[in-house]
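Read the structure below first, then the notes.
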């Protein structure tokens, strides 16, 4: 449905009778103006006052200036349906002024079904995002995220489908209104075909208390940024990701959480793979982690500090890595359910200090 435009103090009469499309007659109601040519093609919300003085209608319609035609789609009326205009001379007027209508425009669209937004390297952020084509898809993941956050999703779920290609902008995830977390997904069969590759920011950053799902992508950044970063009560859940170069692949801090929902792969070096600080939490249970090409971890595979936790239970690590297995301090904890000190990848023994616990 088109978004209504707003025009102040427009009111004129029509000689149309019945319930069909109106033809305006260029005669202004006293104190008002006729519909100008600038309204041509606009969707407007208007009222009709029947000459008999009792029937009224509020409708939405498209105005065509060349024919002075105004279509009618009922919003409300005195009769419960389009009124049957009894005689010539009915008044047609914009019924809500621009300042009030702007408030309506700023209200959230409420979903009545699940929705998918598409992101393509040949798309445009001026598109609707609703069609998987160059003329329909968004260009950036951030645009799709922002549009999702502006919705009232109600009980329905939004999926952001990232098509194959390389996307160089990081994504800031936000809050949203709805019962189900949004899903961001790429190529399920070959995640590396849908690549988020950034140089000046983390791939995904969540700094508010909401939950987002991220699936089927390859994430690469520089040695200064992170693939997934969650803080301030935010939770990122993921599966089937391919982690390339980064400062850290998973970074949960200040009460943030990262939860692993499915198997994933590590193909690039990082200072730290799992980094949890300041009550951050990372949970990985019954997951297969495939390490390809012997990635190197300069600080440690897992570093957990300052009352943070890494839950690593019943996992399978396929492949090998170089670097310290773990670095735990300041009351941080890693729980492997007794899997032993060599459970995590690396070729250097892990260390604990200042209340750090490895179990």
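The values are calculated or read from the model by the stated rules, or taken from the named source; none is laboratory data. Treat the numbers as computed from the prediction; the structure is a model and nothing was measured. A quick note on method: Cβ atoms are made from the backbone with ideal geometry, for glycine too, and the neighbour counts reach across all protein chains shown.
Annotations
- Among the residues of region 186-207, those that are farther than 17 Å from residue 271 by Cα, part of a loop (DSSP other than H, G, I, E, B) and in contact with a strand residue (DSSP E or B) (Cβ under 8 Å, 6 or more places away or on another chain) comprise 186, 187, 188, 207.
- For beta carbons closer than 7 Å, sequence separation of 6+ or different chains, a first residue in region 81-97 that is more than 13 Å from residue 26 (Cα to Cα) and a second that is at pLDDT 90 or above and loosely packed, with under 15 Cβ neighbours inside 10 Å, the qualifying pairs are 82/19; 84/18; 84/19; 85/18; 88/15.
- Per the listing 195, 250, 278, the residue uniquely buried (at least 24 other Cβ atoms within 10 Å of the Cβ) and either over 18 Å from the mean Cα position of the chain (by Cα) or farther than 30 Å from residue 330 by Cβ (or both) is 250.
- Within region 167-185, the set of residues being in a loop (DSSP other than H, G, I, E, B) and under 19 Å from residue 260 (Cβ atoms) comprises 181, 182.
- Against the conditions (1) surrounded by 18 or more Cβ atoms within 10 Å (Cβ to Cβ); (2) in contact with a strand residue (DSSP E or B) (Cβ under 7 Å, 6 or more places away or on another chain), residue 223 satisfies every one except (1).
- Test for residue 260: is it out of contact with any helix residue (DSSP H, G or I) (no Cβ under 9 Å at 6 or more places or on another chain) and surrounded by 21 or more Cβ atoms within 10 Å (Cβ to Cβ): yes
- Matching option when the condition is under 24 Å from residue 210 (Cα atoms) and surrounded by fewer than 19 Cβ atoms within 10 Å (Cβ to Cβ), among 152, 122, 164, 132: 152
- Selection from region 208-230 of residues that are on the phi < 0 side of the Ramachandran plot and in a loop (DSSP other than H, G, I, E, B): 208, 209, 210, 217, 221, 222, 223, 224, 225
- The residue of region 106-119 that is surrounded by the most Cβ atoms within 10 Å (Cβ to Cβ), among those that are in contact with a strand residue (DSSP E or B) (Cβ under 9 Å, 6 or more places away or on another chain) and assigned to a loop (DSSP other than H, G, I, E, B), is 111.
- Set 252, 247, 230, 223: member being out of contact with any helix residue (DSSP H, G or I) (no Cβ under 6 Å at 6 or more places or on another chain) and at pLDDT below 95: 223
- Qualifying residue in region 133-147 (condition: in a strand (DSSP E or B), in contact with a strand residue (DSSP E or B) (Cβ under 6 Å, 6 or more places away or on another chain) and under 10 Å from residue 120 (Cα atoms)): yes
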